[in-house]
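Colleague: Encoded as structure tokens, here's the structure I'll be asking about.
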Amino acid sequence: MNGEADAPVLRRLDAAGEPVRRRPDAAGERAPQGSETAADGEDAPQAPPVPGPEGRTGGARGRHAWRRRLRRTALALALLLLLPTLAAESALRLDYTGTPGPGTYTRDRDAVWLGHAWIDGRKTDADVDALVSRLRATGIRDLYVHAGPLEHDGTLPESAYPRARWLTETLRRRAPHLRVQAWLGDELAPEKPYAMHLERPATRSAVVESARRVLAAGFQGAHFDLEPLHSGDRNYLALLDALHRVTRAHHAVLSVAAHQIDPLPALHSVWGTVTGHPKWWSQAYFGQVARRVDQIAVMSYDTMQPLQSLYGGYVAQQTSLALEVTPETTDLLMGLPFYHENRFGHWAHAETVPAAVRGVRLGLSRTDKARTRFGVALYVDFAATEADWTAYREGWVR
């Protein structure tokens, strides 16, 4: 999710079949007397076997046997793939059952992603007034305002955020409880070789300098969304360490948009081997990232789930997995899908705000319902409907 024009962007094993066994007479050997019969059930004459069309005895029967083996192998492979999937989906459906615990509502630490229009001149004072009015009765504290994207070399021209000062100062006067963060992102190599290369020290230094500049422009934090980011990337961790030194010096917030956590052990590795796109992070790597930032927002959408119940169970699972490894000193936010696209990986009829909110509350109830530094993040303002806002207020804010 790298800007207003883009939606959030949110993958199997193979097995070898059993080798075909040769028929006893495949090499032209005489079958034992009385071992073969004619089609009408009478004893066949014991003559030397006649090679079939493929150069072996009983070509038609050999082909039939080969086809049977092929069908059995295909069925076995299908079961190998289907049974674990069915088991995993059944577990997600089970995760969606039960009743969320009392008090599992907003902690007034929620956030919303806002499009580039807020700082490029398209929005006015009247729009700010309307935004403040909408957010007044919610738990939203942080605004991730799109100020990028970063250039592939890590730089960011000031022309990308010409009205940043106007927005931050206007909101500081009209809604001082809101915190405005610069949302910066880009595509990443190696999966996209033309894009940003975090392994280059010069690129990481440029990203740090870009963060320093947006903070000087009035933003109260820097929010990074770099995708696709592979689990275990040490260069990303080094970048976060350098960024955090800068944000601390400015008394600002460092936050990141995070990939989902492996719903099955090592799924990111398996999926990456098969598809070239390791969608998930390991839970351990998620924890390493969470310990280096002030706030981490899970992009808990684009989950490939076809039903609301399965999606809600998936969000409940993700909430629990993230809570287990996020330190108490870091804000953990779970993303809510405020958009309605239908494409691979995302079905609007399944990934709904009510299902996500219920999943968040179930995961929070089961894992750490007393956690105070916890919230939800709404993606994204320009695609949201009134129904999305209502579901958020009624299900989470109360």
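Colleague: Restricted to Cα positions, what overall size does segment 153-279 have along the principal axes? Three whole-Å values, descending.
Modeller: Principal extents (largest minus smallest coordinate, Cα): 52, 31, 24 Å.
Colleague: So, one more: Give me the Å³ per residue figure for the convex hull around the C-alpha atoms of segment 151-206.
Modeller: 97
Colleague: For a quick check: with amide H placed at 1.01 Å from N, whose amide H comes under 5 Å from residue 253's, ignoring anything fewer than 5 positions away on the same chain?
Modeller: For residue 253, the qualifying residues are 221, 222.
Colleague: Which of the peptides 131-142, 210-221 is most tightly packed, and how do the rest follow, going by the mean number of other Cβ atoms within 10 Å of each residue?
Modeller: Ranked by mean Cβ neighbours within 10 Å, highest first: 210-221, 131-142.
Colleague: With no solvent and one point on each alpha carbon, what is the Debye value of log10 I(q)/I(0) for segment 196-342 at q = 0.11, 0.12 Å⁻¹?
Modeller: -0.44, -0.53
Colleague: Sticking with this structure for a sec: In whole Hz, with x marking every Gly and Pro, tabulate ³J(HN,Hα) for segment 166-176 from phi via Karplus 6.51 cos²θ - 1.76 cosθ + 1.60, θ = phi - 60°.
Modeller: Rounded to whole hertz, the list is 4, 5, 5, 6, 5, 5, 5, 7, 9, 8, x.
Colleague: Continuing with this model, one more query. Cα centroid distance between segment 341-398 and segment 234-267, in Å?
Modeller: 23
Colleague: Rank 133, 112, 149 by how far each Cα sits towards the positive end of the charge dipole of segment 102-153 (+1 on Lys, Arg Cβ; -1 on Asp, Glu Cβ) and give me just the farthest.
Modeller: It is 133.
Colleague: Let me ask something else. Counting only Cα, what are the radius of gyration and maximum Cα-Cα distance Dmax of segment 278-398, in Å?
Modeller: Answer for segment 278-398, Rg first and Dmax second: 13.7, 37 Å.
Colleague: Add +1 for every Lys or Arg and -1 for every Asp or Glu among the other residues with Cβ under 13 Å from the Cβ of residue 287, and state the total.
Modeller: -1
Colleague: If you don't mind, another one. Positive end of the charge dipole of segment 291-395 (Lys, Arg +1 and Asp, Glu -1 on Cβ, about the Cα centre): tell me which of 372, 339, 304 has its Cα farthest that way.
Modeller: 372
Colleague: Okay, next question. Gain in length, residue 195 to residue 304, computed as 0.36 nm per residue apart minus the alpha-carbon separation, to one decimal in nm?
Modeller: Difference between extended and current length: 36.7 nm.
A short reminder: the numbers here are calculations on the coordinates, not readings from a lab. Everything numeric here is computed off the predicted structure, so don't read it as measured data. When we count neighbours, we look across all protein chains shown, and the Cβ atoms used for this are built from the backbone with ideal geometry, even at glycine.
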